[in-house]
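Below is one structure; the comments refer to it alone.
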Amino acid sequence: MKNFKEYLAETGAMGITNQTYVSVDGNDTYDITNPEVLARVNAFVGSIADREYLIPENAVNQLRNFLLRLGLQFPKVELPEGTGKVSVPLSQWGGRFGKDGEVDFDEFVNDDGISNRKEGGLNLQIESEPVGRTGSFKVYAKIV
C-alpha cells in the first residue's frame, strides 16, 4: 500500500499549481476594476438593449445570471412603472468580511469587495422604457 507522499510523487502537482490562469490578453477576467475588463463586461451588459421584453424584470434576471458568472451580485431591483432609471450597488464574491491586517483588533472589514480596489465601488444603472403601443419594454444597463 502506498503512503500519501508516494501518491503525490506519482501524480505530480495538484491543486491550483496545475491549473491554467484565467486571463485574456494578460488581464484577469474577474478584475472588474480594470478599465479594459470593465469595457468588455459593459459591452455584454449593454447588449440586453438589443431585444424587447414583455416583462422588463426578465432582462434584469438575465443580467443577474450573467454577472454571477463573474462573481458580481446586486440587490433586488424595483423597476419603476413606465420610463425610469434605477442605480444599485454591485458587490463581488459576496463582499469581504474579516481581518485584513489594516484594521484594529476589535474591528472587522465589511465591504462590497470592490471598493477596496476602486474608490467608491461600482454601480449598475438600469433604465427601462415602454416601446410604442406593443406593451413591450426596452431595458438599458451599464456598470459605472
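Structure above, values below:
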read-out: Answer residue from segment 63-110, given it is under 18 Å from the mean Cα position of the chain (by Cα) and under 16 Å from residue 53 (Cβ atoms) and is surrounded by the fewest Cβ atoms within 10 Å (Cβ to Cβ) among those; value: 65
read-out: Condition met for residue 54 (in contact (Cβ under 8 Å) with a residue 24 or more places away in the chain, exposed (fewer than 13 other Cβ atoms within 10 Å of the Cβ) and of a type in the set (A, V, I, L, M)); value: yes
read-out: Of the criteria (1) modelled with pLDDT of 80 or more; (2) surrounded by 14 or more Cβ atoms within 10 Å (Cβ to Cβ), which one residue 35 fails; value: (2)
read-out: Qualifying residues in segment 119-134 (those that are surrounded by 13 or more Cβ atoms within 10 Å (Cβ to Cβ) and not in a strand (DSSP E or B)) - the one nearest to the chain's Cα centre (by Cα); value: 122
read-out: Number of the condition not met by residue 63 [criteria: (1) assigned to a helix (DSSP H, G or I); (2) out of contact with any strand residue (DSSP E or B) (no Cβ under 7 Å at 6 or more places or on another chain)]; value: (2)
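The values are calculated or read from the model by the stated rules, or taken from the named source; none is laboratory data. Remember, predicted model here, so these are calculated numbers, not experimental data. All Cβ positions, glycine included, derive from the backbone under ideal geometry; neighbour counts span all protein chains shown.
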